[in-house]
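Asker: The structure's right below; bear with me while I get my questions together.
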Amino acid sequence: MHVVEEIAVSKVDELRLAREAVELPANMAEYAAFVDFLRDTGVLDWLRSTVLDRRAGAYELVDVVLFMACYFSSSPGGTSISGFAKSSREFGNELAGLADRNAWPGQSSVSRALSSVGADNARETAERLLLCGARLAQRSTMCEGAGYLDGQGEPWCVLHWDVTIEGVRHRALPESAELPEAHRRSEELAKPGYSGRKRAEAIFGRSIVQDSVTGAWIHVDLGSGNGSTTDQLKCAVASANEFLTTRADPNRPCVMVCDGVSGGIPQTRALVEGGLHVLTRGLEYHRLKTSNATKVLNGSMWLPVQDSGSGPKREAIDFGSRTIHGKKVRIIVSRFATSGKKRGAGHKLGDWQYEMFYTTMPTQAW
């Protein structure tokens, strides 16, 4: 006598056996749209052609990107990769099939593949995805009529560059004669450096460029330790110029508003070399302490600066100019009244707190 063991069949398996369509959960709709985006932009074909090498074989980059895209777009905060791998397994055939893949990766294969991703793989993939996303955002109907006009009514492209220091905590690693030698995956990315108020044994800098109209990131780069502002800006400017060539009006003037890290000189030099306009904070406050500067500060007609109304009322003047990399750069000085201690960035003289900025934007237009 043979005993037939009953095998539990899920509702999804029943639909597959009946050759009926399987509907994905609502929280995976964004992933489905993302796959269509990759296919329409040609990025999916490029991902299929990129292989991650490792000792015991190779992984295709497309499987890693698809899995992580679905993980980040459909999982609530705090969900682990292993937890998502288990929950997504039920719909694995459909998730893989949307991108013409034969199988949905499991947690162990994703973990091994992620360990094979090098900095060059991550950087190139990020650049391609961000630029494609930014181009798509430009074509949206919501952004068609949005933009910036200068004082002469001419349209401008406005980008923002910022760098943020992120900290990495080095927790104790298990040690035993039976265990392999400990290796921290963050060693390639993070190095010791000045972390500010963050508690961290190592840090890395995240440099981004954002399109101010669409809000889309067009560039992201990671640098170990405190990084090199000059190198970060060189990559940022290259991505900005590539982004501008894809616009319907590539000759439209562009200004990049930069974080004032390192005093503004590296930003100004990099943007001038790259053919873009710059607006950044400066730190040459010694220029305000000369007798001639005092005459300019006290005798100039200060013009009000528009703001959100949430802070002190500011006013500004053209303080003069200086030459950086063969380009005339305007020095703008703003001020606001304060009777107490210095607040935030700037330099306090008497009852005024002054802030300094560099820009190459023309005086007539701005």
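Asker: If each of ALA365 and SER339 carries a label point 7 Å out from its Cα toward its Cβ, how far apart are those two points in nm?
Answerer: 4.3 nm
Asker: Now a separate question. Give me the compactness ratio for the stretch 208-263, meaning the Cα radius of gyration over 2.2 N^0.38 Å.
Answerer: Working: Rg = 12.2 Å, N = 56, 2.2 N^0.38 = 10.2 Å.
For the stretch 208-263, the normalised Cα radius of gyration is 1.21.
Asker: Between the stretch 115-161 and the stretch 196-231, what is the separation of their alpha carbon centroids in Å?
Answerer: 16 Å
Asker: Kindly sort MET301, MET361 by accessible area of their heavy atoms, largest first, with the probe set to 1.4 Å.
Answerer: Values: MET301 155, MET361 20 Å².
Greatest to least solvent exposure: MET301, MET361.
Asker: Mind giving me the FRET efficiency for SER115 and ARG199? R0 is 30 Å, r the Cβ-Cβ distance, nearest 0.05 is fine.
Answerer: Numbers: r = 26 Å, r/R0 = 0.87.
For R0 = 30 Å, the calculated efficiency reads 0.70.
Asker: Then there's this: I want to check a number: in the stretch 217-366, how many lysine pairs have alpha carbons closer than 21 Å, given a sequence separation of 8 or more or different chains?
Answerer: Eligible lysine pairs with Cα atoms under 21 Å apart amount to 9.
Asker: I would also like to ask the following. Please work out how much accessible surface ILE324 shows to a 1.4 Å probe, ignoring ligands, DNA and RNA, in Å² rounded to 10.
Answerer: In the full protein context, ILE324 sits at about 10 Å².
Asker: Same structure, new question: Excluding MET361 itself, what net charge comes from residues whose Cβ is under 14 Å from its Cβ, given Lys and Arg +1 and Asp and Glu -1? Numbers along the way, then the final one.
Answerer: On the way: positive: ARG252, LYS327, LYS328, ARG330; negative: ASP150, GLU154, ASP318.
Residues close to MET361 contribute a combined charge of +1.
Asker: Of the candidates GLY264, GLY350, GLY215, which one comes out as most mobile in a Gaussian network treatment of the chain with C-alpha springs shorter than 10 Å?
Answerer: Looking only at GLY264, GLY350, GLY215, the largest GNM fluctuation is found for GLY350.
Asker: Once Rh for the stretch 284-366 is found with the Kirkwood sum over Cα pairs, what is the Stokes-Einstein diffusion coefficient at 25 °C and 0.890 mPa s, in µm²/s?
Answerer: Working: Rh = 13.7 Å.
D = 179 µm²/s.
Asker: As I understand it, the value is the acute angle between the Cα axis of helix 29-41 and the longest principal axis of the Cα atoms of the chain; what does it come to in degrees, rounded to 10?
Answerer: In the chain, helix 29-41 runs at an angle near 70 degrees to the longest axis.
Asker: Quick one: Cα centre-to-centre distance for the stretch 76-113 and the stretch 297-339, in angstrom?
Answerer: Taking the Cα centre of each part, the stretch 76-113 and the stretch 297-339 sit 54 Å apart.
Asker: Report the net charge of residues surrounding ARG16, where surrounding means a beta-carbon distance below 13 angstrom and charges are Lys +1, Arg +1, Asp -1, Glu -1. Don't jump to the answer; show the numbers that get you there.
Answerer: On the way: positive: LYS11, ARG19; negative: ASP13, GLU14, GLU20, GLU23, GLU90, GLU94.
Net charge in that neighbourhood comes out at -4.
Asker: Identify the GluC sites (Glu not before Pro) of the stretch 147-231 meeting these criteria: DSSP loop state and at most 11 other C-beta atoms within 10 Å of the C-beta.
Answerer: Working: sites: GLU166, GLU175, GLU178, GLU181, GLU187, GLU188, GLU201; in loops: GLU175, GLU178, GLU181, GLU201.
Of the GluC sites (Glu not before Pro), the ones in loops of the stretch 147-231 whose Cβ has at most 11 other Cβ atoms within 10 Å are GLU175, GLU178, GLU181.
Asker: Which of these, LEU114, LEU24, LEU129, has the largest mean-square fluctuation under a Gaussian network model of the chain (Cα springs below 10 Å)?
Answerer: Evaluated over the chain, the most mobile residue of the options is LEU24.
Asker: Let me ask something additional. How are the C-alpha pair distances of the chain spread across 20 Å bins, as whole percents from the shortest bin up?
Answerer: 21, 46, 25, 6, 1, 0
Asker: Between LYS11 and SER87, what FRET efficiency follows from the Cβ-Cβ distance if R0 is 22 Å, with the result rounded to 0.05?
Answerer: Values: r = 15 Å, r/R0 = 0.69.
Step by step, r from the Cβ atoms, then E = 0.90.
Asker: Sequence-distant or interchain residues sharing an amide H contact under 5 Å with LEU52, placed H: which?
Answerer: The list, which skips near neighbours in sequence, is TYR59, GLU60, LEU61.
Asker: Shifting gears a bit: Would you list which aspartates and glutamates come within 19 Å of LYS198, measuring only between C-alpha atoms, while excluding same-chain residues fewer than 8 positions from it?
Answerer: Of all the aspartates and glutamates, those that pass the test against LYS198 - Cα under 19 Å, at least 8 places apart if same chain - are ASP162, GLU166, GLU187.
Asker: Taking all protein chains as present, what is the carbon and sulfur share of the accessible area of the chain, in % to the nearest whole number, probe 1.4 Å?
Answerer: 51 percent
Asker: Now, a different point. Roughly what % of DSSP beta bridges within the stretch 161-311 run antiparallel, to the nearest 5?
Answerer: 75 percent
Asker: Same structure again: Divide by every residue of the chain the summed helix terms, -39500 (n - 2.57) for each DSSP H run of at least 4, and state the resulting mean residue ellipticity at 222 nm, rounded to the nearest 500 deg cm²/dmol. Walk me through the intermediate numbers first.
Answerer: On the way: 12 runs with 122 residues, N = 366.
Computed ellipticity for the chain at 222 nm equals -10000 deg cm²/dmol.
Asker: Would you work out which of VAL117, HIS160, SER321 lies farthest towards the positive end of the dipole of the chain, given +1 charges on the beta-carbon of Lys and Arg and -1 on that of Asp and Glu, about the Cα centre?
Answerer: Highest projection toward the positive end goes to SER321.
Asker: THR246 versus ARG19, label points 7 Å from Cα toward the beta carbon: distance in nm?
Answerer: Rounded to a tenth, the inter-label distance reads 4.2 nm.
Asker: With Cβ to Cβ distances under 9 Å as the rule, what net charge do the other residues near ALA200 carry (K, R +1; D, E -1)?
Answerer: Working: positive: ARG169, LYS198, ARG199; negative: GLU166, GLU201.
Summing Lys/Arg as +1 and Asp/Glu as -1 gives +1.
Asker: May I pose another question? FRET efficiency for ASN102 and ALA33, Cβ-Cβ distance as r, R0 = 25 Å, nearest 0.05? Please list the in-between numbers first.
Answerer: On the way: r = 22 Å, r/R0 = 0.88.
After rounding to 0.05, the efficiency reads 0.70.
Asker: Right, another one. When the chain is modelled as a GNM with alpha-carbon springs shorter than 10 Å, which of CYS132, CYS143, CYS258 fluctuates the most?
Answerer: Looking only at CYS132, CYS143, CYS258, the biggest GNM fluctuation is shown by CYS143.
Asker: Nearest 10 degrees is fine. How inclined is helix 61-74 to the longest principal axis of the chain, computing both from alpha carbons?
Answerer: The two axes meet at around 80 degrees.
Asker: If you don't mind, another one. Just want to confirm a number: the relative contact order over the chain, from Cα pairs under 8 angstrom separated by 6+ residues, in percent. Mind showing how you got there, number by number?
Answerer: Numbers: 525 pairs, mean separation 38.3, N = 366.
Dividing the mean separation by the residue count of the chain yields 10 percent.
Asker: Accessible area per residue for the stretch 1-160 in Å², computed with a 1.4 Å probe and the full protein assembly in place, what is it?
Answerer: Details: 9870 Å² over 160 residues.
Heavy-atom SASA per residue in the stretch 1-160 reads 62 Å².
Asker: Identify unpaired cysteines across the chain, taking unpaired to mean no other cysteine Cβ lies under 4.7 Å from the residue's Cβ.
Answerer: By the Cβ distance rule, which asks for a partner under 4.7 Å, the isolated cysteines are CYS70, CYS132, CYS143, CYS235, CYS258.
Asker: For the stretch 234-306, would you read off the P(r) tail past 14 Å as a percentage of all alpha carbon pairs?
Answerer: Values: 1820 of 2628 pairs.
Of all Cα-Cα distances in the stretch 234-306, 69 percent exceed 14 Å.
Asker: If you don't mind, there's one more thing I want to ask. Which lysines, if any, have their Cα less than 27 Å from the Cα of LYS11, not counting same-chain residues under 8 positions apart?
Answerer: Those lysines meeting the cut-off are LYS86.
The values are calculated or read from the model by the stated rules, or taken from the named source; none is laboratory data. Since this is a predicted model, take the numbers as computed values, not measurements. Here Cβ is always computed from backbone atoms with ideal geometry, including for glycine, and neighbour counts include all displayed protein chains. To get the accessible areas, we keep the full protein, side chains included, count just its heavy atoms, and leave off ligands, DNA and RNA. Shrake-Rupley method; radii C 1.70, N 1.55, O 1.52, S 1.80 Å.
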